[in-house]
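Presented below is the structure to which this report refers.
The values are calculated or read from the model by the stated rules, or taken from the named source; none is laboratory data. Computed from a predicted model, the values in this text were never measured in an experiment. Please note: Cβ atoms are built from the backbone with ideal geometry, for glycine as well, and neighbour counts cover all protein chains shown.
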Amino acid sequence: VKTKNFSLGELRCKCGCKMPASVIVRLERLMAQLEVIRAEVKAPVQVISGYRCEKRNRAVGGAKESRHLWGDAVDLQVEGRTGKELREIVEGLIAFGKIPDGGLGTYESRPRTLHYDMRLTPARWHT
Ligand SMILES: [Zn+2]
């Protein structure tokens, strides 16, 4: 499965485990949002982390209830942009209804990374 600029392979769990069908469906929805983000920043979007199985999530110290476990979360980077800049851009897309609201996070320890997910109850954080 792939969209114009993204493939399921980029979003799959890095441990190489088999993904449940429900996860694949969510990842496909996520890829559509990544296309919208890419079109807005007009630059390649690098997927740092997509779906994580329980084992992998524990290994990387992910949050216990992480949306990465559901397959509707992505950590992304864009060359020459900070996570905070990307967050502003994505907030704009959400405000205009171009992508669904959800979770947006930035991290002191990873200044180039933006976390975006499609949770139903919106959340924002900077840690
Ligand atoms: Zn895995």
Is there any pair with a first residue in the stretch 1-21 that is farther than 15 Å from M31 by Cβ and among the hydrophobic types (A, V, I, L, M, F, W, C) and a second that is within 15 Å of the ligand (Cβ to nearest atom) and outside any loop (DSSP other than H, G, I, E, B) whose Cβ atoms are under 8 Å apart and which are 6 or more apart or on different chains, and what are they?
-> C13/R56; C15/K55; C15/R56; C15/A59; C17/K55; C17/R56
Residue ID - nearest to the ligand (Cβ to nearest atom), chosen from residues in the stretch 38-55 that are under 17 Å from H115 (Cα atoms) and among the charged types (D, E, K, R) | R52
Count of the stretch 87-115 residues which are charged (D, E, K, R), in contact with a strand residue (DSSP E or B) (Cβ under 8 Å, 6 or more places away or on another chain) and closer than 21 Å to K42 by Cβ = 3
So which of R58, R29 is more than 15 Å from the ligand (Cβ to nearest atom) and either over 19 Å from N5 (Cβ atoms) or surrounded by fewer than 19 Cβ atoms within 10 Å (Cβ to Cβ) (or both)?
-> R29
Flagged in the stretch 99-121 as under 19 Å from L27 (Cβ atoms) and touching a residue at least 24 places away in the same chain (Cβ under 8 Å), in numbering order, are I99, P100, G102, G103, T113, L114, H115, Y116, D117, M118, R119
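Residues checked against (1) modelled with pLDDT under 95; (2) surrounded by fewer than 13 Cβ atoms within 10 Å (Cβ to Cβ):
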{"site": "Q33", "(1), (2)": "no, no"}
{"site": "K42", "(1), (2)": "no, yes"}
{"site": "G62", "(1), (2)": "yes, no"}
{"site": "W70", "(1), (2)": "no, no"}
{"site": "L76", "(1), (2)": "no, no"}
